[in-house]
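What follows is a short report on a single structure.
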Amino acid sequence: MGQRVVVTGLGTLTALGFGPADHEPALRAGRTAQAPITRFDTSGFRTSSGGQCDEVRLERELQGRWPAAKLRGFGVDTKMLLWATAAALEDARLTPSRPLPAVMGTTLEGFWQAEQWYEERVKEAPSRARPGRLRHSTSGAQLSAVAGLLGVPFEPMVVSNACATGVSAIGRLFRRIRSGACDVGLAGGYDTLTRFIHLGFDSLGALTPKSCAPFDRNRSGFFLGDAAAVLVLESLDSARRRGAPIRGELLGYGESADSFHATHPEPEGRGMARAIRSCLESAGVAPSEVDYVNAHGTATPANDAAEAKGLLAALGEEHGRRVAVSSTKALVGHTLGAAGAVEQCFCLLALEKGFLPVQGNLADPDPACPLNLVRSPEGAPRLALNNASGFGGANGVLLARRWEER
Amino acid sequence: MSRIAIEGFRAVTSAEGFGDLDARLPAKNSLRRASESGKAAVAAAGESLRGAGLAISDRVGVYVGEQQVPLDYTAQFLEATYRAGPRLASPLLFSESVANNAATHLSLTLGFTGALQTFIGSRVAGIQAVAAAREDLEAGTVDAGLVVVLSFAHAMTAQAYASLYFPRRRGSALPPLPLLNGAAAFVVRRGVGGREILHAATCCAGLERSQQARAAGRLVGESGITAATASTFRFAHERSLGILREALPKIEPPPDLGGEAFALDPFLRLRNGADTVLVLGEDGTAGLIALARNC
């Protein structure tokens, strides 16, 4: 089985707020951050709501630590990544003395900056486009900038597996630590709501003009959101040596590919089920032991129905119908490359604080999704499964356990 | 523990000419509406799998490395929405513009159902893909990996980099950046054949050049390497070589490949006979890949 892997630090930033103090009450109440988009002009769009982070507060928090000149040229994406990374390191009380493995996930990198550069070229003139916008438009440059500001050299790896990205990034570092290849590292994901990505998902009919209601009979899609979530993963031995706080334990990771369609999930959820089984197998845990599932739950008709079938297939008809399930995308939106990492942070928060994240916007549960959707936060889960899937049929699953000294 | 090696190296690049890419696909015209990068990835992968004699199963992982997303479709998508309005956003162009588009086509066309991973964002993305495949083989989660490294830069990319490097120049005063597009594919697995992977790792030291050189030096030192070919960005050759020489005195200047190939560059140098390539990214990342001599 190798080394035990624990989580010793979390940095979570979404449209709901900054860190556990902002997120826990919203998760308990099923409160959504969906609101009209202000970052770009949505005139003529079919849908116009999203989950933007509080950029004013973000700026203020960063300027409390670094002079404004050092942050000049950063887009909101790089700033979110910086905040989440700094918060995770601080939470873990970690001041690395050597380069830190950093497995990060993103689908857009700093594309919001590149998009504005391109818009200036097209709508004004090539000479009007400001090249400085491109400085942090790639994830390599973003990670270098964050590493430089934190004074912590990174050994970077940037994963981009569509909406399974965040889970894939954490899973990769989990396996690396479990195998003994390293003791401690950063993993997570980040992405920003941009005009390009909003129009892209809108063109596919995946965005809702109403509220995001996963597993509801009248669901009609999701809204997109900003987020960055970074976790410090560490071997248990290393965490004990340092006397680090332990937020939870990672037990397993599984992955698979549907090989079915570029943008649609396989309707029977077979690929998802294989990834869940692989995760449980790697954890040495029986399906019946899982207490809570943070579902991918995009609130599209196709995803939720396929995911419900996949969960029942992997966890068994009986336990699959009984286990507590919710999709927190109803609250923070679909945060793409960050989603799996954000949802992992939510799972760890629920395990540590002893509650169940409530399914937001659930009015009329879809009988085609016969799941035990969370209506009340009462509960003290011990094992939480985090399910993610994305374009190209990429599936990723993580299993975490409430930290108990043993 | 047996050695981990690469086999069945195949590359299709604009330097040699793509020819009829559709005819090189496992099923002709199976990717009629796909971007050129998706087609090149599948063509190179199919030829590599045949060359290595590897059968596909859910124990074979796919690892794609590319610096940029498919920008041709991205630019078309954006331009249409600016010029004709947001309602004309094309779902086809959008789904072809996502970063894991090549991995998607590999899975759909060739039938991969196991690990499917894409690495992006810097010149060392291909080395990250090799490192990930090696990591999964060592962990026993896959029996073999197919690595595909891509570079399909757009004319807009060339202008963007030129603008970034020469911010005071405008329009025709910007130096040209010739592009070399293409895909390389190879199989990574345990066994006696192929070229053993001695080292595949990346590092990143923030923005300070001296830090970057020290990080590259650490990689070199750990590997016991004494000589390497450089892989650097065209606009920064001289400056990058200076930095690399701090890490490795016996660094060979990069021979001209005919164009900027970004993440594909180190793999074309390996194909052209280099054993070790030290990569210095323009964004502060660095990486090293070293293969044993052909056996």
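At a glance:
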item: Matching residues, region A:180-190, being within 11 Å of another protein chain (Cβ to nearest Cβ) and either surrounded by 24 or more Cβ atoms within 10 Å (Cβ to Cβ) or in contact (Cβ under 8 Å) with a residue 40 or more places away in the chain (or both); result: A:G180, A:C182
item: Members of region B:223-238 found to be touching a residue at least 12 places away in the same chain (Cβ under 8 Å) and either on the phi > 0 side of the Ramachandran plot or in a helix (DSSP H, G or I) (or both), listed by number; result: B:S223, B:R234, B:F235, B:A236, B:H237
item: Members of region A:371-381 found to be outside any strand (DSSP E or B) and in contact with a helix residue (DSSP H, G or I) (Cβ under 7 Å, 6 or more places away or on another chain), listed by number; result: A:L371, A:P377, A:P381
item: Of all residues in region B:96-115 being surrounded by 24 or more Cβ atoms within 10 Å (Cβ to Cβ) and within 15 Å of A:F196 (Cβ to Cβ), the one that is nearest to the other protein chains (Cβ to nearest Cβ); result: B:A99
item: Flag for A:G73 being closer than 18 Å to A:G166 by Cβ, more than 8 Å from chain B (Cβ to nearest Cβ) and out of contact with any strand residue (DSSP E or B) (no Cβ under 7 Å at 6 or more places or on another chain); result: no
item: Single condition A:L349 does not satisfy, out of (1) surrounded by fewer than 24 Cβ atoms within 10 Å (Cβ to Cβ); (2) out of contact with any helix residue (DSSP H, G or I) (no Cβ under 8 Å at 6 or more places or on another chain); (3) of a type in the set (A, V, I, L, M); result: (2)
item: Any chance A:V285 is part of a strand (DSSP E or B), at pLDDT 95 or above, closer than 23 Å to A:S326 by Cβ and among the β-branched types (V, I, T); result: no
item: Test for A:T192: is it under 25 Å from B:S163 (Cα atoms), of a type in the set (V, I, T) and under 20 Å from the mean Cα position of the chain (by Cα); result: yes
item: Hits in region A:58-70 - residues which are in contact (Cβ under 8 Å) with a residue 12 or more places away in the chain and not in a loop (DSSP other than H, G, I, E, B); result: A:L58, A:E59, A:E61, A:L62, A:K70
item: Residues located in region A:264-285, provided they are surrounded by fewer than 20 Cβ atoms within 10 Å (Cβ to Cβ), in contact with a helix residue (DSSP H, G or I) (Cβ under 7 Å, 6 or more places away or on another chain) and not charged (D, E, K, R); result: A:H264, A:P267
item: Qualifying position, being surrounded by 18 or more Cβ atoms within 10 Å (Cβ to Cβ), assigned by TED's automatic domain parsing to the domain that holds B:A103 and among the polar types (S, T, N, Q), among B:S35, B:S30; result: B:S35
item: Qualifying positions in region A:301-314 - crowded, with 24+ Cβ neighbours inside 10 Å and either out of contact with any Asp or Glu (no Cβ under 9 Å at 6 or more places or on another chain) or in a strand (DSSP E or B) (or both); result: A:N303, A:E307, A:L311, A:A314
item: Members of region B:157-171 found to be closer than 12 Å to A:S127 by Cα and facing chain A (nearest Cβ under 7 Å), listed by number; result: B:A160, B:S163, B:P167, B:R170, B:G171
item: Failed item in (1) of a type in the set (S, T, Y); (2) at the interface with chain B (Cβ under 7 Å from one of its Cβ atoms); (3) touching a residue at least 60 places away in the same chain (Cβ under 8 Å), with A:Y118 passing the rest; result: (3)
item: First in region A:87-98 and more than 9 Å from A:A244 (Cβ to Cβ) and buried (at least 20 other Cβ atoms within 10 Å of the Cβ), second anywhere and of a type in the set (A, V, I, L, M, F, W, C) and modelled with pLDDT of 95 or more, Cβ under 7 Å, 6 or more apart; result: A:A88/A:L10; A:A88/A:L186; A:A88/A:V230; A:A88/A:L231; A:A88/A:V232; A:L89/A:V232; A:D91/A:L10
item: Top-ranked residue of region A:87-105 - restricted to ones that are more than 12 Å from chain B (Cβ to nearest Cβ) and within 17 Å of the chain's Cα centre (by Cα), ranked as farthest from A:Q344 (Cα to Cα); result: A:A87
item: Complete set of residues in region A:208-265 that are assigned to a loop (DSSP other than H, G, I, E, B), out of contact with any Ser or Thr (no Cβ under 7 Å at 6 or more places or on another chain) and within 14 Å of chain B (Cβ to nearest Cβ); result: A:D258, A:F260, A:H261, A:H264
item: Qualifying residue in region A:365-386 (condition: surrounded by 24 or more Cβ atoms within 10 Å (Cβ to Cβ) and within 15 Å of A:A164 (Cα to Cα)); result: yes
item: Answer residue from region B:184-239, given it is within 17 Å of B:D283 (Cα to Cα) and hydroxyl-bearing (S, T, Y) and is surrounded by the most Cβ atoms within 10 Å (Cβ to Cβ) among those; result: B:S231
item: Selection count, region A:130-151, where residues are outside any helix (DSSP H, G or I), more than 7 Å from chain B (Cβ to nearest Cβ) and surrounded by fewer than 22 Cβ atoms within 10 Å (Cβ to Cβ); result: 2
item: Unmet requirement for B:Y82, which otherwise passes all of (1) under 17 Å from B:A183 (Cα atoms); (2) within 7 Å of another protein chain (Cβ to nearest Cβ); (3) not small (G, A, S); result: (1)
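Here is a yes/no grid of residues against (1) more than 14 Å from chain B (Cβ to nearest Cβ); (2) out of contact with any helix residue (DSSP H, G or I) (no Cβ under 6 Å at 6 or more places or on another chain); (3) within 30 Å of B:L106 (Cβ to Cβ):
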site	(1), (2), (3)
A:G354	yes, yes, no
A:C369	yes, no, no
A:L385	yes, yes, yes
A:G390	no, no, yes
A:G396	no, no, yes
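Okay, residues lined up against (1) within 18 Å of the chain's Cα centre (by Cα); (2) closer than 29 Å to B:V62 by Cα:
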site	(1), (2)
A:T107	yes, yes
A:E120	no, no
A:E124	no, no
A:A129	no, no
A:S137	no, yes
A:L149	no, no
A:P153	no, yes
A:L173	yes, yes
A:R176	no, yes
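The values are calculated or read from the model by the stated rules, or taken from the named source; none is laboratory data. Being a predicted model, the structure only gives us computed values, none of them experimental. Glycine gets a Cβ as well: all are built from the backbone with ideal geometry, and neighbour counts include every protein chain shown.
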